[in-house]
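J.: Quick one: the structure is below, questions incoming.
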Amino acid sequence: MGMVELFVPMTVIIVFAVIVGLITRLIATGMHHKTIREALKTDPGSVPLLVDRLSLAQPWADAMLGWVFIALAVGIATLALISPDDGNRPEMLRAAIVPLIIGATVLLFVRTRKPPSAVVQPGG
């Protein structure tokens, strides 16, 4: 198994995971914006609470992406270790390093980033 056979499926899985994550965020943000628009029409006093909630990120979404990358790396490494062809083992283990580093970096970013600053209310 050459490097192309490893990196093409790995790239497809990574791109699929990123696209699914971004689409779910887009849908969630769109639903939240619609809620804010409806609240502006019906109860303007509840809008600051909704806006505060909008500014909060969903750290689990980024963390889940990091865990997907790490799971992919573990899967590739496991496949390399149980593969009967010993000649491809070093290449597969080297290929597992890429998603492992990406996943660890994403998880480190999620853990160390600062929460968004609170929305300042006028007159308060």
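The values are calculated or read from the model by the stated rules, or taken from the named source; none is laboratory data. Note that the coordinates shown come from a computational prediction; the quantities given were computed from them, not determined experimentally. Virtual Cβ from ideal backbone geometry, glycine too; neighbours counted across all protein chains shown. Just so you know, the surface numbers come from the protein's heavy atoms only, side chains and all, with ligands and any DNA or RNA stripped out. Shrake-Rupley method; radii C 1.70, N 1.55, O 1.52, S 1.80 Å.
J.: Out of all the residues in region 1-17, which are open to solvent by 50 Å² or more (accessible area, probe 1.4 Å) and under 15 Å from residue 99 (Cβ atoms)?
T.: Residues of region 1-17 that are open to solvent by 50 Å² or more (accessible area, probe 1.4 Å), as a first pass: 1, 3-5, 7-9, 11-13, 15-16.
Scanning region 1-17 gives 3, 7, 8, 9, 11, 12, 13, 15, 16.
J.: While we're looking at this one, here's another question. Might you let me know whether region 38-46 holds any residue that is touching a residue at least 24 places away in the same chain (Cβ under 8 Å) and either of a type in the set (Ser, Thr, Tyr) or surrounded by 11 or more Cβ atoms within 10 Å (Cβ to Cβ) (or both)?
T.: Let us first name the residues in region 38-46 that are touching a residue at least 24 places away in the same chain (Cβ under 8 Å), namely none.
No, there is no match, as no residue in region 38-46 is touching a residue at least 24 places away in the same chain (Cβ under 8 Å) and either of a type in the set (Ser, Thr, Tyr) or surrounded by 11 or more Cβ atoms within 10 Å (Cβ to Cβ) (or both).
J.: Then there is this: Of the residues 47, 98, 106, 51, which is part of a helix (DSSP H, G or I), in contact with a Gly (Cβ under 9 Å, 6 or more places away or on another chain) and either within 21 Å of residue 8 (Cβ to Cβ) or of a type in the set (A, V, I, L, M) (or both)?
T.: Working: 47 fails: in contact with a Gly (Cβ under 9 Å, 6 or more places away or on another chain); 98 fails: in contact with a Gly (Cβ under 9 Å, 6 or more places away or on another chain); 51 fails: in contact with a Gly (Cβ under 9 Å, 6 or more places away or on another chain).
So the residue among 47, 98, 106, 51 that is part of a helix (DSSP H, G or I), in contact with a Gly (Cβ under 9 Å, 6 or more places away or on another chain) and either within 21 Å of residue 8 (Cβ to Cβ) or of a type in the set (A, V, I, L, M) (or both) is 106.
J.: Continuing with this model, one more query. Answer yes if at least one residue in region 25-37 is under 25 Å from the mean Cα position of the chain (by Cα), loosely packed, with under 14 Cβ neighbours inside 10 Å, among the hydroxyl-bearing types (Ser, Thr, Tyr) and modelled with pLDDT of 85 or more, and no otherwise.
T.: So far as region 25-37 goes, no, none of its residues is under 25 Å from the mean Cα position of the chain (by Cα), loosely packed, with under 14 Cβ neighbours inside 10 Å, among the hydroxyl-bearing types (Ser, Thr, Tyr) and modelled with pLDDT of 85 or more.
J.: Quick one: how many residues across region 48-79 are modelled with pLDDT under 85 and small (Gly, Ala, Ser)?
T.: Adding up the residues that qualify gives 4.
J.: Only one of these is open to solvent by 90 Å² or more (accessible area, probe 1.4 Å) and at pLDDT 90 or above: 97, 101. Name it.
T.: Numbers: 97 fails: open to solvent by 90 Å² or more (accessible area, probe 1.4 Å).
Just one listed residue meets the conditions, 101.
J.: A follow-up question, please. Show the residue pairs meeting these rules: Cβ distance below 6 Å; 6+ apart or different chains; first residue within region 19-32 and part of a helix (DSSP H, G or I); second residue of a type outside the set (Gly, Ala, Ser).
T.: Close Cβ pairs (under 6 Å, with a partner that is of a type outside the set (Gly, Ala, Ser)) amount to 21/65; 32/54.
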